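Asks: The structure's right below; bear with me while I get my questions together.
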Amino acid sequence: MRVTTHHISQMKRRSERIVMVTAYDALSAGAAERTGIPMVLVGDSLGQVVLGYDSTVPVSMEDMVSHTAAVARCAPSPLIVADLPFLSYQASEELALTNAARLLQEGGAQAVKLEGGVSVAPTVKRLTDSGIAVMGHVGFTPQSVNQLGGYRVQGRTENAAAQILEDALALQEAGAFAIVLELMPTEVAATVTERLTVPTIGIGAGPRCDGQVQVFHDLLGLLPDFRPKHAGRYGDLAEVIDAALVSYADDVRGNKFPTTAESFSAGTRGSGSSSSEKD
Ligand code: KIV
């Protein structure tokens, strides 16, 4: 049975910490499914970690729909939240509604996420009034990286911290079921978390949020040249992958792989028969 927004709300009420991770494809979605992660974000961070852009700005609706559908196919249990990409919701509430509907109907997500506070609250209300579950995102909002002047901690002054609280309250009032708090001082995130009845999900916002979200590739050390300070490190898989590829290449060059066609008789992808058997 799939996790619902109701389950996520109950977790805050029961003071149960909420785990969320990003997923973009069959591999990451399958891992989230196997390990019982309750909530998955098809983040527009796929712009950087999957598509090789230097920010989330170039990510399109087509990218988001296609990756969301891959995740939905491979993760039948977690609640799937899909990001509305840059400029897919700002121009009008109608545009936001059309694009959110695509993520749900074509992508198979159960909820959408969008960035911003007071200024997007009317859009969030329009979506939630139409029956769409919405997650908010305040503090550092990556789609505005050019306006914010880089990847910087937000809410450092009293006024900026008060604005973050006001933004989060406006999103809650508009019907958001949860809110991501990104890159802000621990105390600011703690205050927002205490003031809200909906769960907060932190990333670079300290330990006093109701839950945490991390980017799959950061968590697992898949991109050795890109390691944000706030990323938890639970693996160094780039090293494992590189070592395996080097061994493979050495074996092919040294004529050690493949040995015989029979060594592929079990466990191959697809029908379970080896490609040599099919040939
Ligand atoms: O796109 C993403 O991965 C996100 C997280 C950083 C919260 O929005």
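Asks: Which length gain, in nm to one decimal place, applies between residue 17 and residue 226 when the Cα-Cα distance is subtracted from 0.36 nm times their residue separation?
Replies: Values: separation 209, 0.36 × 209 = 75.24 nm, distance 2.73 nm.
Contour length minus the Cα-Cα distance gives 72.5 nm.
Asks: So, one more: Please list 207-216, 227-236, 5-14 highest first by mean number of surrounding beta-carbon atoms within 10 Å per residue.
Replies: Sorting 207-216, 227-236, 5-14 by mean packing, highest first, produces 207-216, 5-14, 227-236.
Asks: Over all distinct alpha-carbon pairs, what is the Kirkwood Rh of the chain in angstrom? Don't jump to the answer; show the numbers that get you there.
Replies: Working: mean 1/r = 0.0501 Å⁻¹.
Across the chain, the inverse of the average 1/r is 20.0 Å.
Asks: For the range 117-209, what is one quarter of the convex hull surface built on the Cα atoms, given in nm²?
Replies: Values: hull surface 21.7 nm².
For the Cα atoms of the range 117-209, the hull's average projected area reads 5.4 nm².
Asks: For the range 154-181 and the range 241-260, what is the centre-to-centre distance using only Cα atoms, to the nearest Å?
Replies: Distance between centres, Cα-based: 52 Å.
Asks: Summing -39500 (n - 2.57) over the DSSP H runs of n ≥ 4 in the chain and dividing by its residue number, what mean residue ellipticity at 222 nm do you reach, to the nearest 500 deg cm²/dmol?
Replies: Estimated from H runs of four or more residues: -11500 deg cm²/dmol.
Asks: Quick one: compute a quarter of the convex hull surface over the Cα atoms of the range 158-264 and quote it in nm².
Replies: Details: hull surface 41.6 nm².
The number I arrive at for the range 158-264 is 10.4 nm².
Asks: By average Cβ neighbour count within 10 Å, what is the ranking of 115-127, 175-187 from highest down?
Replies: Taking the mean over residues of other Cβ atoms within 10 Å, the ranking is 175-187, 115-127.
Asks: Which log10 I(q)/I(0) values does the range 206-266 give at q = 0.30 Å⁻¹ under the Debye formula, counting every alpha carbon as one identical point scatterer?
Replies: With no solvent term, the Cα-only Debye profile gives -1.15.
No value in this document is a laboratory result; all are computed from the given coordinates. All values derive from a computational prediction rather than experimental measurement. So basically every Cβ, Gly included, is an ideal-geometry build from the backbone, and we count neighbours across all protein chains shown.
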